[in-house]
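Engineer: If you scroll down you'll find the structure; I have some questions about it.
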Amino acid sequence: MNYLWLAAAICSEVFATSSLKASNGFSRLSPSIAVVVGYGVAFFCLSQTLKTIPVGVAYAIWSGVGTALIALVGFIVYKQTLDRAAVIGMALIIAGVLVMNLFSKSAAH
């Protein structure tokens, strides 16, 4: 269940960040409301995750996967391009999260 909370936190954060772009500096009401609600849900879900997963591990997964997903949303929804260095950097973030979860004793809970 703990990783379901973390997945929900990540999805909510990606939704909120996407809405932040759509809010146009909080000048559009609906996306602005989505930002506040999305981040509220994200932090609630993350707080539930922290009951069983160490904070460093949870945050590394949350930020790493969230970064990659929001870059994907930016590419698909907002037609933003990523150069080779950005793609390599995100791949390294994801690789770091995988290494931590697969091989580190810190991830054990």
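Engineer: Out of the residues in the stretch 65-109 that are more than 16 Å from the chain's Cα centre (by Cα) and among the aromatic types (Phe, Trp, Tyr), state the one that is nearest to ALA22 (Cα to Cα). First the steps, then the outcome.
Structural biologist: First, pick out the residues of the stretch 65-109 that are more than 16 Å from the chain's Cα centre (by Cα): 76-88, 99-109.
So of that shortlist, the ones also among the aromatic types (Phe, Trp, Tyr) come out as 78, 103.
On the way: TYR78: 9, PHE103: 39 Å.
It comes out as TYR78.
Engineer: I need the full set of residues from the stretch 60-109 which are closer than 16 Å to PHE15 by Cβ and of a type in the set (Ser, Thr, Tyr), in order please.
Structural biologist: SER63, THR67, TYR78
Yes or no, residue by residue, for (1) β-branched (Val, Ile, Thr); (2) within 25 Å of TYR3 (Cβ to Cβ); (3) modelled with pLDDT under 90:
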position: ARG28; (1), (2), (3): no, no, no
position: PRO31; (1), (2), (3): no, no, no
position: THR52; (1), (2), (3): yes, yes, no
position: VAL99; (1), (2), (3): yes, yes, yes
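The values are calculated or read from the model by the stated rules, or taken from the named source; none is laboratory data. Every value quoted in this text rests on a predicted model; they were computed, and no experiment measured them. When we count neighbours, we look across all protein chains shown, and the Cβ atoms used for this are built from the backbone with ideal geometry, even at glycine.
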